[in-house]
Structure formats: C-alpha cells, structure tokens
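The values are calculated or read from the model by the stated rules, or taken from the named source; none is laboratory data. Please read all numbers here as calculations on a predicted model, not as lab measurements. Backbone-built Cβ (ideal geometry, glycine too); neighbour counts: all protein chains shown. For the accessible areas, the whole protein counts, side chains as well, though only heavy atoms, and no ligand, DNA or RNA atoms are used. Shrake-Rupley method; radii C 1.70, N 1.55, O 1.52, S 1.80 Å.
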Amino acid sequence: VTFLGMPGNVLLSLGLIVCALGLGFGLMTYRQLKRMPAHQAMREISDLIYSTCKAYLRQQGKFLLLLWAFIATIIVVYYLSLGFGFAKTSIVIGFSLIGMAGSYGVAWYGIRVNTLANARTAHASLGGKPFPCHDIPLRSGMSIGMVLISVELAMMLIILVMLPGEIAGACFIGFAIGESLGASALRIAGGIFTKIADIGADLMKITFGI
C-alpha cells in the first residue's frame, strides 16, 4: 500500500521518529521541572508523598500481574482453539505483557512528575505572580501526555511495521488488553494520590487551628 507516493511501511517507520521526538520532548520537560527551585520542606513533603505512591504502585503491580495471568490463560485457550499455534499465541501474549508494562510505566512516571511539579508550584506561588502557578502544572501535564502518547503509539507502530499481517491484528488485541490493565493502575493511583492530599490538608488544618 502506498500513500502520497510513499510505501506504507516507510511512512509508518517515519512515525517511529515522531514518537522518539515526542518522548524526547516529554523527558526534556521533566528535567526542566526537576531543576526548578523548591524549598527543602516542600521537597521533603513531595518525596514523602512519592514514597507512599511507590509503595502502592508496587502492590498494584503485583495484583495486575495476577490478573494478567488469568486473562493470559483465556487468551491462550482462545487462540489455540483458532489454530494459531503456540509460536503465534506466545507473541500475542508477549504483546499483552508489553502493553501492560508500558501503560504501568507511564503511570509511575506520571506520579513522579506530578509530585515534582507540586513542590515547584508551591514554591513559585510564594513570589505572588500567577503565571508560574499556571505554567508549571501545564508543563507537568505536557510531559506526561507526550510520554504516554509516544510510548503507546510507538508500540502500535512496531506491531504494524515489524510483524506479518496475519498476526498483527491478534497482537493489537493482546496489546490493547494489556494496555487497559496497566491504565487501571494510573487511574487508581491517581485516586490514592488525591486522598493523600486530602489527609495532608486536614492535618494542616489541625496544625494551624483552622
């Protein structure tokens, strides 16, 4: 298949370059956030919240692996019944695990970026100017968004470019199942992060007698 006079596989391969650029932009933004100033007390609170989130994400990862094992068993039985064979089925299972790992990794990255940005925003607010309080969270969101899109899109392009057509569709299904499982960790961890902030706010009310 050709598009704009260019073979389809070449066009998709160029998409991998775009993904690399997007990933580079996200990581560059992360480094900029990390270099921004923050008071030591703010850094300590940020690191404490991040440590709590890490502990939860580790536990969540163990649960996801257990859940994936059950789903992988169903996938194996289903595709073997279709006559895929063990080799092709193992590739589908592999991409389901890769999809889950990619989404889960981005969830971990998002927690790290958010905890960094929170401390930097709090420090910037001491200057009394509104723009930094808007700019820093925006940078944080752009970093997470670009890394998420770049990682997931790169995986899909690899399936399209490097795998034969008769197995690519099945690998997409496996990838989508794994990616959805990993994304559930991001949503749940985000909820836990919000609850931690609520508890912290309540403690501050008690401390200052509000």
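Per-structure values
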quantity: The stretch 79-169 - percent relative contact order, Cα under 8 Å, separation 6 or more; calculated: 28 percent
quantity: Two-decimal log10 I(q)/I(0) for the stretch 26-135, as the Debye equation yields it once each C-alpha is a single scatterer, q = 0.12, 0.13, 0.15 Å⁻¹; calculated: -0.60, -0.65, -0.75
quantity: Sequence-separation-based contact order of the chain, relative, with Cα cut under 8 Å and 6+ spacing, percent; calculated: 37 percent
quantity: Where Cα atoms sit under 23 Å apart: lysine pairs in the chain separated by 8 or more or lying on different chains; calculated: 6
quantity: 222 nm mean residue ellipticity, helices alone, for the chain (DSSP H n ≥ 4; -39,500 (n - 2.57); rounded to 500); calculated: -33000 deg cm²/dmol
quantity: The stretch 106-131 residues near the modelled LEU138 label - backbone nitrogen below 14 Å, point 7 Å along Cα→Cβ; calculated: 130-131
quantity: Using alpha-carbon coordinates, inclination of helix 85-125 to the longest axis of the chain, degrees; calculated: 20 degrees
quantity: 1.4 Å probe accessible area per residue over the chain, in Å²; calculated: 57 Å²
quantity: Charge sum, other residues only, whose C-beta stays under 12 Å from TRP108's C-beta, Lys/Arg counted +1 and Asp/Glu -1; calculated: +3
quantity: Rounded D (µm²/s) - the chain, Kirkwood Rh over Cα pairs, Stokes-Einstein at 4 °C, 1.567 mPa s; calculated: 67 µm²/s
quantity: Percent of C-alpha pairs per 5 Å bin, the stretch 1-75, short to long; calculated: 3, 11, 9, 9, 11, 13, 16, 11, 8, 5, 3, 1
quantity: The stretch 113-150 and the stretch 24-90: distance between their alpha carbon centers, rounded to Å; calculated: 22 Å
quantity: The stretch 47-171, dipole about Cα centre (Lys/Arg Cβ +1, Asp/Glu Cβ -1), debye to the nearest 20; calculated: 340 debye
quantity: Nearest-ten-degree value, helix 40-81 long axis tilted from longest Cα axis of the chain; calculated: 20 degrees
quantity: Within the accessible area of the chain (1.4 Å probe), percent carbon and sulfur; calculated: 74 percent
